[in-house]
Amino acid sequence: MPTIVAIAVGLAGVAAAIVIVDRLAPAVAARGWLALERRRAGLSLRRARVAGFEMPYLDGGRGEPLVLVHGFGGDKDNFTRLAAHLGSHLRLIIPDLPGFGDAGRDPTASYHIDAQVERLRAFIVGLGLDAVHLGGNSMGGFIAAQYAATYPDAVRSLWLLDAAGTALAHETAVIKHYLATGELPLLLHRVEDYGALLHAVMHRPPPLPYSLRHTLALRAVGDLALHARIFREIGLESPTLEDRLSLIRAPTLIVWGQDDRILNPAAAGALQARIARAEVDLMAATGHVPMIERPRATARAYLRFLAAPP
């Protein structure tokens, strides 16, 4: 058999095996896909324990530390593709928050924003870090902004990506529907609804292997009761940020996808008006998770901001 034909046949066999494993052993295949993405980004999986919770985290890169905080229903791997474009400039530390991802879950614990801020503080201090660059998406942006207001000397810069936590941010049809009915795309009742979730949070969802979609959907369905309570604690019971934003002293980059349907892009300007040293980057053709939808452009904008903060 000619060499090139043999190679082609071999590659076809490998591809067929990958498809079979992806369908028949989705949990195994999903772990493999995540490990591959992390390796490409130069990230290693590590573990910490904070206030009785296991908090796995990704760690990699070099330079000053940047801690990234995922949003509601998300996890540390929401930032993996972004990390591939930042690791040569910064040390990246990306935890799973208690209640999410592979972190511990306690149905009796509080998940109010203040409680999660204190857990994040204990996590960062436990790593022996003092002042860090801090970023967060959605709920993670709410936590990051609250952290920066509570511990202003501990934040070198603040990066808010479609951040929750202000009254204006919550003025969307999706949130109004939740307040009226309790229904939310982020609260998954059936595995089959995961595709609708992706389309709710992204302008144009990237392709995902079946195994990842299936595994993440199963986890979301399993977390439904806990996450429904957490969302109430965050969205209805945690005070919004308006009265605390003036306490933020760190230079701040506010990023928002112009096609975000979960949180209102108009809130970017409201945040900028209340934070002393802030600039806004509105991203066209982008939804609620810029770091997943447009990782390269999102990373480049942040690196430009770090080079010349407001």
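Some observations on this one:
- Cα gyration tensor, segment 213-310 - rounded (a/c under 1.5), prolate or oblate: oblate
- Antiparallel bridge percentage (DSSP; both residues within segment 42-307; nearest 5): 35 percent
- Springs between Cα atoms under 10 Å define the GNM used for the chain, and in it the highest mean-square fluctuation of Pro265, Pro107, Pro185 occurs at Pro107.
- Rounded if a/c under 1.5, otherwise prolate or oblate - segment 42-307, Cα gyration tensor axes: rounded
- Cα gyration tensor shape of segment 143-215, rounded if a/c is under 1.5, else prolate or oblate by comparing a/b with b/c: oblate
- Shown for the chain are the DSSP H helices of 30 Å or more along their axis, judged by Cα atoms, with a mean Kyte-Doolittle hydropathy of at least 0.5: 3-24.
- For segment 71-105 versus segment 112-156, the gap between their alpha-carbon centres in whole angstrom: 14 Å
- Gaussian network model of the chain, Cα within-10 Å springs - most flexible of Pro206, Pro152, Pro65: Pro206
Values in this text are rule-based calculations from the coordinates and carry no lab data. Worth saying up front: this structure is predicted, and the values here are computed from it rather than measured.
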